[in-house]
1. If you go through region 315-335 one residue at a time, do you hit one that is surrounded by 15 or more Cβ atoms within 10 Å (Cβ to Cβ) and assigned to a loop (DSSP other than H, G, I, E, B)?
2. Any residue that is within 16 Å of ligand 2 (Cβ to nearest atom), surrounded by fewer than 20 Cβ atoms within 10 Å (Cβ to Cβ) and in contact (Cβ under 8 Å) with a residue 60 or more places away in the chain - is there at least one of those in region 418-435?
3. Taking the stated definitions as given, is residue 166 assigned by TED's automatic domain parsing to the domain that holds residue 59, touching a helix residue (DSSP H, G or I) at 6+ places or on another chain (Cβ under 7 Å) and surrounded by fewer than 15 Cβ atoms within 10 Å (Cβ to Cβ)?
4. Here's a check for you: in region 252-287, which residue that is more than 13 Å from residue 440 (Cα to Cα) and in contact with a helix residue (DSSP H, G or I) (Cβ under 7 Å, 6 or more places away or on another chain) is surrounded by the fewest Cβ atoms within 10 Å (Cβ to Cβ)?
5. Among the residues of region 208-259, what is the count of those that are assigned to a helix (DSSP H, G or I) and within 25 Å of residue 426 (Cα to Cα)?
6. Could you grab me the full set of residues in region 351-386 that are within 16 Å of ligand 1 (Cβ to nearest atom), part of a helix (DSSP H, G or I) and more than 12 Å from residue 414 (Cβ to Cβ)?
7. Would you check which residues across region 400-417 are surrounded by fewer than 18 Cβ atoms within 10 Å (Cβ to Cβ) and either in contact with a strand residue (DSSP E or B) (Cβ under 8 Å, 6 or more places away or on another chain) or part of a strand (DSSP E or B) (or both) and list them?
8. Mind listing whichever residues of region 446-460 are in contact (Cβ under 8 Å) with a residue 24 or more places away in the chain and away from ligand 2 (no atom under 13 Å from the Cβ)?
Ligand SMILES: Nc1ncnc2c1ncn2[C@@H]1O[C@H](COP(=O)(O)OP(=O)(O)OP(=O)(O)O)[C@@H](O)[C@H]1O
Ligand SMILES: [Mg+2]
């Protein structure tokens with residue numbers, strides 16, 4: 001049973017996978033052809049059954065009317081045994097109706113008085129139809145070799161004088177129905193050709209843009225952004241093409257920005273190395289050389305007073321060198337971020353920023369004081385806040401800045417808000433300026449760790465930067481374990 005079920009399932013799956021592999025054009029044409037063929041089958045069935053039945057009823061009613069008329073006309077002839085006149089009457093009636101293939105008259109004792117059979121009377125016909133006493137007539141269908149015959153028996157004078165039997169052939173009905181069906185099938189064939197042509201045209205209207213869209217998607221996937229989806233119409237496929245083109249443009253812009261960002265990062269790294277090398281050479285090396293010269297002087301010197309002075313100068317130089325090395329290290333990576341965490345690092349940075357730039361900075365921290373986050377999250381938030389504040393200092397002309405850092409409902413939120421001149425965010429983000437990478441870098445950093453960044457700004461009303469990063473729990477860090485479940 002199980003084997004049968006899985007076999008049936010596999011067969012079903014392979015049927016649907018085959019149907020799925022067929023092109024849309026073939027599917028549409030197949031559906032149209034199927035509809036037309038089903039309609040043709042239904043119409044043929046209807047014609048064969050209902051129309052045949054209606055024509056058969058008509059044939060029976062015609063035969064009955066004819067037989068009743070003959071019974072009335074032939075009654076006296078039967079009673080008087082005028083067989084010749086009776087035969088003439090039957091012959092005339094038969095000649096007048098093509099469907100009437102035989103008539104015969106029986107007397108009250110069921111003897112055949114007259115018949116219209118040319119090759120002798122078939123005696124077995126006598127027993128195949130009879131009228132019951134309560135019936136006015138009886139119709140019986142007889143199956144001949146290549147025809148169906150409606151045999152109608154009508155009693156004459158209630159059967160006291162005998163009975164008239166006539167046979168109505170259905171061959172005309174069959175011929176009429178066959179003719180109808182032939183005509184109908186011809187029409188359906190014509191409709192099928194027409195329907196398939198229309199379906200082909202319509203399917204092409206649908207599939208050509210979809211095929212182009214697929215080509216464009218493949219090309220864009222390989223990094224060739226020259227491909228565009230055709231947007232001939234404004235229908236659903238047209239708007240799909242437009243949306244695809246917009247997406248491709250965004251992708252291209254993003255890719256270019258990423259390349260520039262990478263170049264800038266590499267460049268900045270080189271610049272930083274150059275700066276450190278210069279500082280080490282010009283500052284630290286010079287100072288150390290001076291220290292060595294001083295030490296040699298002490299070695300050679302005999303006077304204690306000049307040694308003391310030299311030692312004091314050397315101590316001052318050593319202290320200055322230490323300061324420089326310390327500054328260099330802090331600029332490279334603020335040790336407070338690694339040692340004391342994000343909150344302390346941000347508070348230190350905003351304090352120094354406020355003093356240096358003469359801008360009032362309010363820092364609010366909630367829900368994470370004294371706690372540590374994963375290091376990539378801490379670095380990301382710190383660098384984004386740093387870039388946001390640098391931009392404030394460079395462009396905002398703000399008097400007040402507020403920095404909010406808050407952990408709530410499994411997410412860390414950072415908000416940096418200034419009351420400066422504001423700017424057109426969309427204009428900047430969509431501009432092709434190769435130099436401005438700060439905002440783009442902020443978005444990139446946020447998305448790398450699964451966060452969301454949004455910038456709101458209004459000319460004259462300042463700028464707000466929201467950063468939202470999912471962080472599942474801080475509890476484990478609280479317990480001193482060096483592991484944080486992050487929401488990413
Ligand atoms: N807080 C702000 N107030 C007013 N204008 C801003 C603010 N932040 C950014 N801008 C505007 O957005 C532009 C883009 O900033 P972005 O940080 O991307 O580039 P940048 O600072 O010019 O260069 P980079 O950061 O790459 O050194 C700025 O040139 C400035 O016009
Ligand atoms: Mg910037």
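1. yes
2. yes
3. When the stated conditions are applied, residue 166 does not pass them.
4. If we filter region 252-287 for residues that are more than 13 Å from residue 440 (Cα to Cα), which is where we start, we get 252, 263, 266-287.
Adding the requirement that they be in contact with a helix residue (DSSP H, G or I) (Cβ under 7 Å, 6 or more places away or on another chain) leaves 276, 279, 283-284, 287.
On the way: 276: 14, 279: 16, 283: 17, 284: 17, 287: 18.
Only one residue tops the list, namely 276.
5. Here the count works out to 22.
6. Matches in region 351-386: 353, 354, 357.
7. Of everything in region 400-417, those that are surrounded by fewer than 18 Cβ atoms within 10 Å (Cβ to Cβ) and either in contact with a strand residue (DSSP E or B) (Cβ under 8 Å, 6 or more places away or on another chain) or part of a strand (DSSP E or B) (or both) turn out to be 400, 402, 404, 406, 408, 410, 411, 415.
8. Selection gives 446, 448, 449, 450, 451, 453, 456, 457, 458, 459, 460.
The values are calculated or read from the model by the stated rules, or taken from the named source; none is laboratory data. Please read all numbers here as calculations on a predicted model, not as lab measurements. We place every Cβ from the backbone using ideal geometry, glycine too, and count neighbours over all the protein chains shown.
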